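The values are calculated or read from the model by the stated rules, or taken from the named source; none is laboratory data. All values reported here derive from a predicted model rather than from experimental measurement. Cβ sites come from the backbone with ideal geometry, for glycine too, and all protein chains shown count toward neighbours. Heavy atoms of the whole protein, side chains included, go into the accessibility calculation; ligands, DNA and RNA do not. Shrake-Rupley method; radii C 1.70, N 1.55, O 1.52, S 1.80 Å.
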Amino acid sequence: MIQVENLCKKYGDFTAVDNISFQVGQGEIFAFLGPNGAGKTTTIKMLTTLLKPTGGQLRIDGLDPSDNANEVRKRFGIVFQDPSLDGDMTAYENMELHGVMYHVPRKTRIARTEELLRTFELWERRNDQAKMFSGGLKRRLEIARAFLHTPKILFLDEPTLGLDPQNRNQLWSQVKMLNKSEGVTVFLTTHYMDEADRVAQRIAIIDHGKIVAEGTPESLKQQTNTTSLEDAYLAYTGSSIRDESANVSSDQLRQVAQMWSKKR
Ligand SMILES: Nc1ncnc2c1ncn2[C@@H]1O[C@H](COP(=O)(O)OP(=O)(O)OP(=O)(O)O)[C@@H](O)[C@H]1O
């Protein structure tokens, strides 16, 4: 369903995604893991037509996103790290708008909206404005909405960020259920290793733009002689902190230092 070969993305001189290759089969739940700044979001943006690669090959359901952006967009649903609901609209209206944008026929739209709002336990709240919802409800509504046009692939970029364990658990149960019932392929990122271990059938770990490991959760543990995915992940990526903001602030400090040294 997803084929990636020697994919690269450079921002100026900086290589954010460095010659990565992997495949995700139809109906598979695939976790793409890595430290902050490793290149996960950049990869998702290339897979979802939001960014053009600087090198390599991409196929989504056999189509190249660069040549068939609209056809590719119909085939996936996406939930980003940042909320994207219209807070002034009700849960139902948010679903409706998405259905209209994706040209879902009216009858199907109505039936599917009810089905998904019930699945995600939002039906009783359908007439409430999204801005009244808790973080967990908002996230559930975003995922329900992403399923509305019956996508073949669901991209979830850190969907459980900021949610409590109950909401995280429920969200993954619902995603797994829809993966089974609709056969949707799921491509997810998360920093919670316990979630990846429970939900994903296969995992790729990216670090500094390169894939450093790929396999089932069990095989990654075996290869690193560890008993938890978190330990396996640390064995592959090391335990040093990738603090992007620290780089930014040290750059800023350097600039301020240069400014003062010029004045003297
Ligand atoms: N528009 C941009 N211009 C320059 N550099 C960028 C741009 N977008 C991302 N980067 C850099 O590319 C690298 C990869 O970023 P990306 O957002 O893909 O990481 P990530 O793995 O999703 O991280 P996180 O877990 O923090 O979300 C980072 O070093 C980031 O600073």
Checklist outcome for this item: For region 119-203, shape from the Cα gyration tensor axes a ≥ b ≥ c, cut at a/c of 1.5 then a/b versus b/c, turns out oblate
Checklist entry - Which FRET efficiency value, to the nearest 0.05, do you get for His103 and Gln23 by plugging their Cβ-Cβ distance into 1/(1 + (r/R0)^6) with R0 = 35 Å? => result 0.75
Checklist entry - In whole percent, what relative contact order does region 38-173 give with Cα contacts below 8 Å and a gap of six or more residues? => result 31
Checklist outcome for this item: The percentage of the accessible area of region 1-91 (probe 1.4 Å, all protein chains present) made up of carbon and sulfur atoms, to the nearest whole number, is 42
Item to check | From phi via Karplus (6.51, -1.76, 1.60), per-residue ³J(HN,Hα) for region 139-152 in Hz, x at Gly/Pro | outcome: 4, 5, 5, 4, 6, 4, 5, 5, 8, 4, 8, 6, x, 7
Checklist entry - Could you give the length gained on full extension between Asn68 and Ile110, defined as 0.36 nm per residue of separation minus the Cα-Cα distance, in nm? => result 12.3 nm
Checklist outcome for this item: As a percent rounded to 5, the proportion of antiparallel DSSP bridges among beta bridges in the chain is 55
Item to check | Relative packing of 27-40, 57-70, which averages over residues the other C-beta atoms within 10 Å, highest first | outcome: 27-40, 57-70
Checklist entry - Quick one: how many Å² of Thr54 are accessible to a 1.4 Å probe, rounded to 10? => result 90
Checklist entry - So, with +1 on the Cβ of K and R and -1 on the Cβ of D and E, and no other charges, what is the size of the charge dipole of region 1-105 about its Cα centre, to the nearest 20 debye? => result 340
Item to check | Accessible area of Phe133 in the full protein assembly, 1.4 Å probe (Å², nearest 10) | outcome: 10
Checklist entry - Taking a ≥ b ≥ c as the square roots of the eigenvalues of the Cα gyration tensor of region 62-216, is the shape rounded (a/c under 1.5), prolate (a/b larger than b/c) or oblate? => result oblate
Checklist outcome for this item: Highest GNM mean-square fluctuation among Met177, Met101, Met46, for the chain with Cα springs under 10 Å, belongs to Met101
Item to check | Estimated vicinal HN-Hα couplings, Hz - region 59-70 in sequence order (Karplus 6.51, -1.76, 1.60; Gly, Pro = x) | outcome: 9, 10, 6, x, 9, 8, x, 5, 9, 10, 3, 5
Checklist entry - Roughly speaking, what is the stretch gain from Gln201 to Asp86, that is 0.36 nm per residue apart minus the C-alpha to C-alpha distance, in nm to one decimal? => result 38.1 nm
Next on the checklist: Cut-off under 20 Å on the C-alpha distance; same-chain residues fewer than 8 positions from Lys107 excluded. Which lysines are left, in chain and number order?
Outcome noted: Lys74
Checklist outcome for this item: The answer for GluC sites (Glu not before Pro) in region 68-169 that fall in a DSSP coil and have at most 15 neighbouring Cβ atoms within 10 Å is Glu121
Next on the checklist: Multiplying the sequence separation of Lys10 and Gln223 by 0.36 nm and subtracting their Cα-Cα distance, what value in nm do you get?
Outcome noted: 73.6 nm
Checklist entry - What percent do you get for the relative contact order of region 153-216 when only Cα pairs under 8 Å and 6+ apart count? => result 32
Checklist entry - So, in Å, what gap is there between the alpha-carbon centers of region 166-237 and region 39-53? => result 20
Checklist entry - Over the chain, what is the relative contact order in whole percent, taking alpha-carbon pairs under 8 Å and six or more residues apart? => result 25
Checklist outcome for this item: Descending packing, highest mean Cβ count within 10 Å first, for 184-195, 209-220 is 184-195, 209-220
Item to check | Rounded if a/c under 1.5, otherwise prolate or oblate - region 162-204, Cα gyration tensor axes | outcome: oblate
Checklist entry - Just the accessible area per residue of the chain, please: how many Å² with a 1.4 Å probe? => result 51
